[in-house]
Amino acid sequence: MPRMSLFKHRLNLTAINRMLVCISLLAMLCVYSGCRPETPVEEVSVEQTDAGEELPALDYGPTDWPYWRGPTQDGKPSESASAEKPWTSLENELWKIKVPGRGHSSPVIYGNQVFLTTADDAAETQSLLAFDRDSGDELWTRQVHQGNFPSDGEMHRKSTNASPTPACDGERVFALFLNDAQLYLSAYSLTGEQLWQTSTGAYISRFGLGPSPVLYQSYVIVASEHSGGGNITAVHRKTGKVAWRVKRTRADTYSSPAIFNIDGTDHMILSGANEVVSLDPANGKTRWSIEGTAKSTCGTAVRWNDLILVSGGYPERETMGIRVGAKAEKIWSAREKLYIPSLITFKGHVLGLNDDGIACCWEVETGKQTFKTRTSSGYAASPVLDGDQIIILNEQGMGSILNQNPNELESVSERSFGTNAMASPAISGDRLYLRVAEEGANGRQEYLYCLQK
């Protein structure tokens, strides 16, 4: 080849190589900036559907912990539950049983049953389990899905294929799983009979699935928020039919909704996508929206009287208080990131723990910080409150009983449970249920503990 032609040939190859490099860089930038396939969302209004009959109001007893964060949806037992006897230690162990597989869902309790979800990653199975509340004996196991797990690249190392906590309405248990790039909500009877299974839509996983289902009137409500174009869907508890569905913004975020009645109005609060929003849980319509927290959040909102407290997340960091009245108003903001665990309120204060091992406390009315403390380990489990004490569990499996002290993290008693804890505790009367794991030479084994005051 003549020298000039060879030069032109090399020049063309250089230009092509540069173009290929640019295309690769643009593709990488597209992935990391959220430019991902869009999943179509078909909105459904309650006026369009005949989901089924109106069901009786949800009614729970003092020992029931029926869904994520308990009957109050903010980490506390119902007002009818007696808390006269305090926790003084975590040593009184009624039973401890092995839990097959792996999961971060929390235990839920209804009547004499404890429900839990789990996943066997090797066999690619996702299952719903039921145990006896008093003895820990396994009552039944139902395999809900097999195969079609997300790839390793679609899961965060701290996530599992059984992270959402189930919910129970007293007649049915609802389990939510990510499977075959969709969210499937399945209903089972209290004896383990599958009643129905409904897909709430496609789900593009970046780190796995976080939100747990929430119950409201005749509905089970599922938040599905991802960069492909998420939605919030309400499914009828008895029929499994979609009652309503609304679109959400394209953002990977993982918070579970919480429903609070403030001055006679029901607000379904959800954070993420750089906003805190209140939806009407009866139809999904937006009541109000306030800019704040972060693009990605994990914690569930809590309340104190007419105040909503939220925190997040990634990449922004903000904890904030919102007063809900004739309109919603942000009344304070702190530049603190409490990403994975949810907050807990007590005595006019709000306590937050984060996955970096920082504990912070603020006055709910003013946002004045009363303490900020570094602890020995990070947290994924959300705190729970029982009587005058708060119970926390760090990622290394250390459980602590805290006094409700707004000025310091005052521990009453501590006990180590295994080597890893990501699931949040559940309270049932004078008992505490913990899901933890022990990692050793023979691998990882999960356990469910039942402790008593």
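The values are calculated or read from the model by the stated rules, or taken from the named source; none is laboratory data. Just so it is clear, the model here is predicted, and its values are computed rather than measured. With ideal geometry, Cβ positions are generated from the backbone for all residues, glycine too; neighbour counts draw on all protein chains shown. Protein only, heavy atoms only, side chains kept; ligands, DNA and RNA dropped before computing areas. Shrake-Rupley method; radii C 1.70, N 1.55, O 1.52, S 1.80 Å.
Some notes on this structure:
- Selection of first residues in segment 146-163 that are touching a residue at least 12 places away in the same chain (Cβ under 8 Å) and over 13 Å from residue 182 (Cβ atoms) and of second residues that are surrounded by 13 or more Cβ atoms within 10 Å (Cβ to Cβ) and among the basic types (Lys, Arg), restricted to Cβ pairs under 6 Å at least 6 apart or on distinct chains, gives the following pairs, ordered by first then second residue: 160/102.
- So residue 184, is it open to solvent by less than 10 Å² (accessible area, probe 1.4 Å), in a strand (DSSP E or B), in contact (Cβ under 8 Å) with a residue 12 or more places away in the chain and of a type in the set (Phe, Trp, Tyr): no
- Subset of segment 388-411 [surrounded by 17 or more Cβ atoms within 10 Å (Cβ to Cβ) and assigned to a strand (DSSP E or B)]: 389, 390, 391, 392, 393, 398, 399, 400, 401, 402
- Any chance residue 277 is open to solvent by less than 10 Å² (accessible area, probe 1.4 Å), within 18 Å of the chain's Cα centre (by Cα), modelled with pLDDT of 95 or more and closer than 22 Å to residue 76 by Cβ: no
- Answer residue from segment 189-225, given it is β-branched (Val, Ile, Thr) and part of a loop (DSSP other than H, G, I, E, B) and is nearest to residue 39 (Cα to Cα) among those: 204
- Condition met for residue 346 (open to solvent by less than 40 Å² (accessible area, probe 1.4 Å) and free of Cβ contacts under 8 Å to residues at least 40 places away in the same chain): no
- Just one of (1) in contact (Cβ under 8 Å) with a residue 24 or more places away in the chain; (2) on the phi > 0 side of the Ramachandran plot fails for residue 207. It is (2).
- Criterion applied to 135, 127, 163 was being in a strand (DSSP E or B) and among the small types (Gly, Ala, Ser), and the one residue passing it is 127.
- Lone unmet requirement of (1) part of a loop (DSSP other than H, G, I, E, B); (2) of a type in the set (S, T, N, Q); (3) farther than 26 Å from residue 402 by Cα for residue 88: (3)
- The single residue among 127, 135 that is more than 17 Å from residue 188 (Cβ to Cβ) and modelled with pLDDT of 95 or more turns out to be 135.
- Counting residues in segment 294-310 that are open to solvent by 20 Å² or more (accessible area, probe 1.4 Å), over 20 Å from the mean Cα position of the chain (by Cα) and either farther than 30 Å from residue 372 by Cα or of a type in the set (Ser, Thr, Tyr) (or both) gives zero.
- Residue among 101, 111, 75, 70 that alone is surrounded by fewer than 16 Cβ atoms within 10 Å (Cβ to Cβ) and at positive phi: 111
- Residues in segment 234-263 that are touching a residue at least 40 places away in the same chain (Cβ under 8 Å) and of a type in the set (Ser, Thr, Tyr): 239, 253, 254, 255, 256.
- Test: residue 382 is under 20 Å from residue 75 (Cα atoms) and either over 23 Å from the mean Cα position of the chain (by Cα) or open to solvent by less than 20 Å² (accessible area, probe 1.4 Å) (or both): yes
- Count of residues meeting criterion [surrounded by fewer than 21 Cβ atoms within 10 Å (Cβ to Cβ) and out of contact with any helix residue (DSSP H, G or I) (no Cβ under 9 Å at 6 or more places or on another chain)] in segment 280-291: 8
- So residue 326, is it surrounded by fewer than 21 Cβ atoms within 10 Å (Cβ to Cβ) and free of Cβ contacts under 8 Å to residues at least 24 places away in the same chain: yes
- Output for segment 238-251, where each listed residue is in a loop (DSSP other than H, G, I, E, B) and at pLDDT 90 or above: 238, 239, 240, 241
- Among the residues of segment 412-431, those that are among the small types (Gly, Ala, Ser), more than 23 Å from residue 160 (Cβ to Cβ) and either in a loop (DSSP other than H, G, I, E, B) or open to solvent by 10 Å² or more (accessible area, probe 1.4 Å) (or both) comprise 413, 429.
- Each residue in segment 166-181 was checked for being of a type in the set (A, V, I, L, M, F, W, C) and not in a strand (DSSP E or B), and 1 of them qualify.
- Across segment 432-447, the qualifying residues are those that are more than 17 Å from residue 382 (Cα to Cα) and outside any loop (DSSP other than H, G, I, E, B), and the one among them that is most open to solvent (accessible area, probe 1.4 Å) is 439.
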